[in-house]
Each structure stands twice: as structure tokens, then as C-alpha cells.
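Shown next, in C-alpha cells, is the structure this report addresses.
The values are calculated or read from the model by the stated rules, or taken from the named source; none is laboratory data. Because the structure is a prediction, the values reported are computed rather than measured. No Cβ is skipped: glycine too gets one built from the backbone with ideal geometry, and neighbour counts run over all protein chains shown. SASA here: full protein model, heavy atoms, side chains in, ligands and nucleic acids out. Shrake-Rupley method; radii C 1.70, N 1.55, O 1.52, S 1.80 Å.
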Amino acid sequence: MQTQQASDAHASSCLTTVAVIPGDGIGPEITRAVVRVLEAAGAPLAWEWHEAGLGSIERAANGLPAETLAAIQRHRVALKGPTATPSGAGHKSVNVTIRKALDLYANVRPVRSLPGLKTRFDDVDLVIVRENIEDTYGGIEHRQSPEVVQCLKVITRPGSLAVARYAFELARTWGRRRVTCVHKANIHKLSDGLFLSCFQEVAAEYPDIKADDILVDNACMQLVTQPERFDVLVTPNLYGDIISDLAAGLVGGLGVAPAGNIGREVAVFEAVHGTAPDIAGLGLANPTALLLSAVQMLRYLGHHACAARVEEGLRRVLADGVRTRDLGGTCGTEAFADAIVAALPVESQLAVPQQASRVVAQAPATPDAASSSVWEVRGVDVFVEHRGIPQLPARIGPFALAMISNRGTKVYPGPAPDIMLVDWHRCRYVADSAVSEDDVVMLLKQIGQHVSWMHVEKLRHADGVACYSKAQGE
Ligand code: NAI
């Protein structure tokens, strides 16, 4: 404790400037409340306020003014309120833009039971580490035909290794014992399969941490029946997005769920929840999630005593039954913040957990095995727009038509199954040996004389192993 306070005193000797982004909806009210609590707790921070979200859309079409992004880069740490993202059309998510622009590759969401809250479980204490850049969040979507839209799910080896390594380093640094990989590799054999194999590769370097894996559907069931069996979970982006809201529900809901977006140099702390338009401006919002995100930020910056003080103030207030409306209470945002300020413990009376501050995840120690493979193109999947099963040549140059599928189910050769067909088919042409770029161009020209093709995927083999999935029934 002595050492911890000395280190806090050192950290306090100069103020760390934090970029604060209040955001939209309830963002400004909860951000004001959180900054007030941190100032009352003596956090050695200076605040620099910046805009993002709907309020800045006239200055920046994507909702993220260049000076806001520059400020986050300059100060390397930001506290951010929620920002609105229109569904269906309009600008991309400001959060996703920040995460990608600054390569904030790990989203860390601690989920811990709070005192005094009526929930199904009172002993939840887990951490979700969500890959934060890849998966379907590349937002790579195309309308392929009048009836079909596709979205690319992109999982990479470097991205998967990086987040797995972060999860294991976090487990070590935070004194956790087990890391569980959450995936769907039984269906997404190549993409989630890669995520899982990278996890297993990294796990081998951490013999002191138990490693296991679970399918995401089973993980959801287990989370709502026995959440105490989980410690640290690491998961691709989309599953992480969903299970972290589910896990938030275990400990009191979105109003109490914090998060940190962590990169190699920069970190942005924000609540899991959104702008809550239904209660925006009414002074009813719960600032707890953003406050716990700020506590996470204080620990990231090494201000452990201050973090413990704020957290303890919050826990005392909740234990006393003071609650905002989402938690069944009557307290408004400002009054809730006032209660926390009044409940802040005297620093010297507080036991500060000896937790190392920043999780440092090194670059992979092992050479990238993927780069040493021998790659060959052995065929092509050509996606064509066509109503009914297209009639295509059985042979084109070195290629033979091996299969046509519709929505992933084989419809040629053999009897077409009795399924609903859409106007979009995958036509698989394969060759007996490696083909050239010219062969592929020639194939597309020929197919184009029969049907309109939308996109093309080369069928590659690495060291003789096929790098593509089969159709249902193929
Ligand atoms: P939401 O999280 O804003 O609201 C869902 C429900 O939870 C609402 O009933 C709301 O009143 C309640 N709620 C959320 N936070 C609360 C708090 N602190 N205190 C009390 N009640 C709270 O989710 P929704 O409605 O799906 O999204 C609204 C907007 O927020 C959308 O534009 C969405 O894109 C954006 N959003 C932004 C995020 C971010 O900036 N980190 C994250 C999630 C959504």
C-alpha cells in the first residue's frame, strides 16, 4: 500500500490531460456528473473538451471532427460519452471510426456485481475482451442483386493473435486464472477457426493461465445460468458486442457497464450503453457506467488510490440504496453524483488493491507461420445474378463446373433441392492444377456471355490444403 501511494503521488506530480467527448443524448449530462466526481476525488487529471457525434455533423460529415481525433492522439487517453449512429443509412458509427483510426484493437469490458442491486446473481466477476476492429465491423457490405446483400466477415491472423495476447496479458496483470475463447468455429470453420487456432497458439505461451473455449450459443446459455464459471472471455467483435450487453444485464443493466478501447499507444474509455434518446435531457440517466469507465481509465493511468476511492464511493452509495430510475430508484443524475461525492472515503483509510496498471501486450514472439505457405489458385467461385439456376458451360479452358449453390446450398449437379431460390448463385469452377490470372480472366469473359457476374473469389490451396468452405450438400 505504501508503494502504491508513493506511485500515485508520483503520478499526481503532473496532471494528465484527458480528451473529454460528451457526445449525444444523455452523454453531456453523465459526462458532467462523472467529471465532477473525479474532480472531487482529487483525480490528477486536466480536462480538454471536444465534440463528436450529431452535434458536430455540420463540421464533420462522419461526426468526428479532425481536431477531436487529433486531440485523442495527442493526449493518448480519452473519456467519451455515447454518440448516435443512424440505422440503415447515414454516417458510420463514430465509435467504430475512432477504434479503427487509432487501432484500438481490444475492447475491455469488466462485468462485476455491485452492492445493493437486485439481480439474479450477486457474485458475477468476469472480463470480456472483445476484438475491436475486424469481423463484420469492417462494414464491407454490397448489394449483390435486387434480392441479396452481403457483408464480409473478416478475421485476420495478426488481429486474432493481438487480441488473444492482450487477453492473456490482462489475465496475468489483473490476477485472473482462466481465459475462455468464445467462437462459432463449428459453423464458421475458416474464420472463427482461425480466431480459435490463434487463441490456442498464444495460450501455449501462458502455461500459468488456464485456457479453454466455448461455442458462443453455449456461452450465452452458461452466462445466464452460471456466470460465476467465467473469468476472462476473449471473442471476435460481433459476439463480443452481443454477449457484453447480455453480461451487463447480469449485474444491473446498461447503466452500470463500463468499457475501455485499448490500442498500443492510445485508449478511449466509454460506457457500453448508447445515447438513451428516450431519457436524454431529463436528468434521469445513470452515470455509473461512465464513472466505472473512468475508474478503469484511472487504473490504466496508474492512479490506483484515486480509482479505489471513486469506486468505493459509488459502492457505498449503491449499498445505501441510492439509485437512479433504471435501477429502480428515484435519484436523478446530479443528485446521484452529489451522493457519491459525499460518500468518497478518506484516502488513507482505503485498502488499494495491488494491481499493475497498464496491460502491456508484446508483438507475437513467433514468426508468422502463414507467410511460409505455398499458395496456388485451383479454381474460382463466380457469384452471378440470375433468376433460376443458370445454364453455364460444363467446361471452360482448364476449369470444370463443379457446383452451383444458392444461399449456401448446392443446387447443381444432381436434383435441385426443394428450397426457396434467390436471384444470386455461386458457380464453382475448379481445375486439376494451378491456374493463372489469364485463365481466370478468360473464364470471367466466357461466363459474362451467359450471365451477369457480381463478384469473384479465387479458390486457393495453401500447402495443398483447400482454403475455402464447401457448400451444403457439396
Ligand atoms: P441505448 O443504450 O441508448 O438505450 C437502451 C435502453 O437502455 C434505453 O431504454 C435507455 O433509456 C437505457 N439506458 C441506456 N443507458 C442508460 C443510462 N446510462 N441510464 C439509464 N438508462 C439507460 O441503446 P439504443 O437505444 O439501442 O441506442 C441509442 C443510440 O445510441 C443509437 O444511435 C446507437 O447507435 C447509439 N449507441 C452508441 C453507443 C456508443 O456511443 N458507445 C453504444 C450503443 C449505442
From Cα coordinates alone, what are the radius of gyration and Dmax values for the stretch 234-338 in angstrom?
14.4, 41
Reciprocal mean inverse distance between Cα atoms of the stretch 199-249 - Kirkwood radius, Å:
12.0
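Could you work out the Rg to Rh ratio of the chain, with Rh taken as the Kirkwood radius (inverse of the mean 1/r over all Cα pairs)? Walk me through the numbers before you get to the answer.
Working: Rg = 25.7 Å, Rh = 24.7 Å.
Reported Rg/Rh, Kirkwood definition of Rh: 1.04.
For the stretch 127-271, give the percent of accessible area contributed by carbon and sulfur heavy atoms, probe 1.4 Å, rounded to a whole number. Each step should come with its number before you reach the end.
Numbers: 3040 of 5340 Å².
The nonpolar share, carbon plus sulfur, comes to 57 percent.
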Tell me, how many Å apart are the Cα centres for the stretch 110-131 and for the stretch 12-48?
24
Global size of the stretch 37-142 as Cα Rg and Dmax, reported in angstrom:
17.1, 51
At q = 0.17 Å⁻¹, base-10 log of I(q)/I(0) for the stretch 166-324 (Debye sum, equal scatterers on each alpha carbon):
-1.19
Kirkwood hydrodynamic radius, the stretch 127-184, all distinct C-alpha pairs: what's the number in Å?
13.5
Stokes-Einstein D (µm²/s) once Rh is taken as the Kirkwood radius of the stretch 433-474 over alpha-carbon pairs, at 25 °C in 0.890 mPa s
199
Accessible solvent surface per residue of the stretch 176-310, calculated while the other protein chains remain in place, 1.4 angstrom probe, Å²:
33
Low-density loop chymotrypsin sites (Phe, Trp or Tyr not before Pro), the stretch 166-254, at most 16 other Cβ within 10 Å, DSSP non-H/G/I/E/B, are none
Among the Cα-Cα pairs of the stretch 382-474, the proportion with separation greater than 14 Å, in percent, is 65
